[in-house]
Amino acid sequence: MSEHQTEGRPCRLHPLAYRSDPSDWFSRVKEAPGAVLLDSGRPIATRGRFDILSAWPLETLCPEANEDGAQFFARLRSAQRRLGPADAGELPFAGGLIGLLAYDFGRRLETLPCLATDDLQTPDAVVGLYGWALISDHLAQRSQLVFHPALPADEQQRLIALFDEQSSGTEQAADFHLQGPFRADISAARYDEAIARIQAYIRAGDCYQVNYAQRFQAPFSGDPWHAYRALRATCPTPFAGFMRLPGATLLSLSPERFMKVSRRQVETRPIKGTRPRGSDADADQAHAAALLASEKDRAENLMIVDLLRNDLGRSCRIGSIHVPELFALESYPNVHHLVSCVKGELTDGKDVLDLIAGSFPGGSITGAPKIRAMQIIDELEPTTRSIYCGSLFYLDVRGEFDSSITIRTLLAKGGRLSCWGGGGIVMDSDAQAEYRESITKVKLLLETLEGLNAEG
């Protein structure tokens, strides 16, 4: 994976009828082991180009009890080598790894305490080795099955028959209901205390910024896939995803890219700075203008840009790192965001997993400096973050890679649905404003799911 490999045998491609919404395709495999959808939010969201879905991985890899990040990544490299090289032309995935790194995988990359309660008990990583994918290219308006040459011919034919079969056009009526309202794990008073503690650390010189989050939970019944479909209709985003995990399900409506690598060119797009959407056009424009003009938000964003330039510097060629976009406005159905872009080029002898090892978890959801910020997060947040602020990604056998940061993300496990919201805290942060922002970021998601009960 150290080079963009095109010398592998070509993948077999099987054309399908183009669909801008991957829901019908994915409904055919949603109960399968390792079912995963990387969803660009089409046709409503327009920034993403590809949807990628797959299931029935050839192998599933999770970290062992005492395995550090380097050892786990070595196993991922070995799995890729067992699959072997392949070429899919301009398509983003030729077979390889698709999976999740939870936020707490960071403990396997750095020496960090674990003071928070791990009540969700999810794996630090779940990564499948996939020999096929269904890819929709929304620019070319083309959907097709992509088979790695190592995938047995009978399995290829089974999948072709599965997806060539005509859809009935209808899916079973939505079977998902909350059994009660979402409730925050911490009180507003405790939130204030945590912000005051962070600001004391900043005054003492420990850090410049810390991302602090709270968790919301509600009991539920039914299939989380139906919840995901309702969420993507209400809040489509370019880095959404749905993944079956061991004993749990991930539902992500993330607007944020973590890292992308294509032909060894690296890009990261950190989000830092948020305003709610306005109730009318004038109010909405005023909120957007206030965000663009905010010295506080620009300063926070710049801190994270500098942190990411440093993270990329561990694996990128000297002189290649640059910032082509600074303080750009991106708007979503629930919020406006301030987004920047940092780019670089992988240096010789480094691969994508080296890049991840030097930059995970993302700086926009930890703080600066990163390790000290993570220590403070662990001290002040009452429970571990689990999937929240981790990364959903693909990494194919050529070294092509893209990934999200799993914000605006929910976990369905054991009859409870968990969702997190937070923000970056700096010296001049107002605790009540930050508390409101943490709710604003997920309010639309929570209200959408609570609304399903009314519809039922």
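Between the helical axis of 188-203 and the dominant principal axis of the chain, each derived from Cα atoms, what acute angle in degrees is found, rounded to the nearest 10?
Computed tilt is about 80 degrees.
With everything on Cα atoms, drop me the angle between helix 370-380 and the longest principal axis of the chain, reported from 0 to 90° to the nearest 10.
Relative to the chain, helix 370-380 is tipped by roughly 70 degrees.
For K443, list the lysines whose Cα falls under 22 Å from its own Cα; do not include residues on the same chain fewer than 8 positions away.
K272, K413
Where does helix 153-164 land angle-wise versus the long Cα axis of the chain, in degrees 0 to 90, nearest 10?
Approximately 70 degrees, to the nearest 10.
Only Lys, Arg, Asp and Glu count, each charged at its Cβ (+1, +1, -1, -1), so figure out the dipole size of segment 9-455 about its Cα centre, rounded to 20 debye.
700 debye
Which of L308, P276, S294 sits closest to the plus end of the dipole of segment 196-315, meaning its Cα is farthest towards the positive end, when Lys and Arg get +1 and Asp and Glu get -1 on the C-beta?
Toward the positive end, the furthest listed residue is L308.
As an exercise, identify the GluC sites (Glu not before Pro) in segment 2-72 lying in DSSP coil whose Cβ has no more than 11 other Cβ atoms within 10 Å.
Within segment 2-72, the qualifying GluC sites (Glu not before Pro) (loop, at most 11 other Cβ atoms within 10 Å) are E7, E31, E64.
For L139 and N66, what is the calculated FRET efficiency with R₀ set at 35 Å and r taken between the beta-carbons, to the nearest 0.05?
Taking R0 as 35 Å, the efficiency between L139 and N66 is 0.20.
Taking amide H positions as placed in the peptide plane 1.01 Å from N, state which residues far from S403 in sequence (5 or more) or on other chains have amide H under 5 Å from it.
Here F258, M259 satisfy the definition.
Can you give me the long-range amide H partners of Y332? Hydrogens built in the peptide plane at 1.01 Å from N, cutoff under 5 Å, separation of 5 or more residues or another chain.
Placed amide hydrogens put H337 under 5 Å from Y332.
Calculate the translational D of the chain in whole µm² s⁻¹ from Stokes-Einstein, where the hydrodynamic radius comes from the Kirkwood formula applied to all Cα pairs, the temperature is 37 °C and the viscosity 0.692 mPa s.
Numbers: Rh = 22.3 Å.
The diffusion coefficient I find is 147 µm²/s.
So if each residue of separation counts as 0.36 nm, and I subtract the Cα-Cα distance between E155 and E447, what length gain in nm does that give?
Contour length minus the Cα-Cα distance gives 101.0 nm.
Can you figure out the FRET efficiency of Q179 with S20, using R₀ = 35 Å and their beta-carbon distance, to the nearest 0.05?
For Q179 and S20, the calculated efficiency is 0.55.
Using 0.36 nm per residue, how much length does the chain from L13 to T111 gain when fully extended, once their Cα-Cα distance is taken away?
Result: 30.8 nm gained on full extension.
Could you give each residue of segment 119-124 its phi-based ³J(HN,Hα) in whole Hz, using Karplus coefficients 6.51, -1.76, 1.60 with θ = phi - 60°, and x for Gly or Pro?
7, 8, 6, 9, x, 5
Could you work out how far apart the two model spin labels at E325 and E90 are, taking each label as a point 7 Å from the Cα in the direction of the beta carbon, and quote it in nm?
Taking the simple label geometry, E325 and E90 are separated by 2.0 nm.
Spelling out what I want: for every residue of segment 314-330, take phi, set θ = phi - 60°, compute 6.51 cos²θ - 1.76 cosθ + 1.60 (Karplus), and round to whole Hz; glycine and proline get x.
Computed from phi, the couplings for segment 314-330 are 6, 10, 9, 5, 4, x, 8, 7, 8, 10, x, 9, 10, 6, 7, 8, 10 Hz.
Search the structure for amide H atoms under 5 Å from the amide H of T383, placed 1.01 Å from N in the peptide plane, and list their residues when 5 or more places away or on another chain.
T117
Return the FRET efficiency for the residue pair D192, R416: r is the Cβ-Cβ distance, R0 is 30 Å, and the value is rounded to the nearest 0.05.
About 0.70, to the nearest 0.05.
Laboratory data are not the source of any read-out in this text; all were calculated from the coordinates shown. Given the structure is predicted, the values throughout are model-derived calculations rather than measurements. All Cβ positions, even for glycine, are placed from backbone atoms using ideal geometry, and neighbour counts span all protein chains on display.
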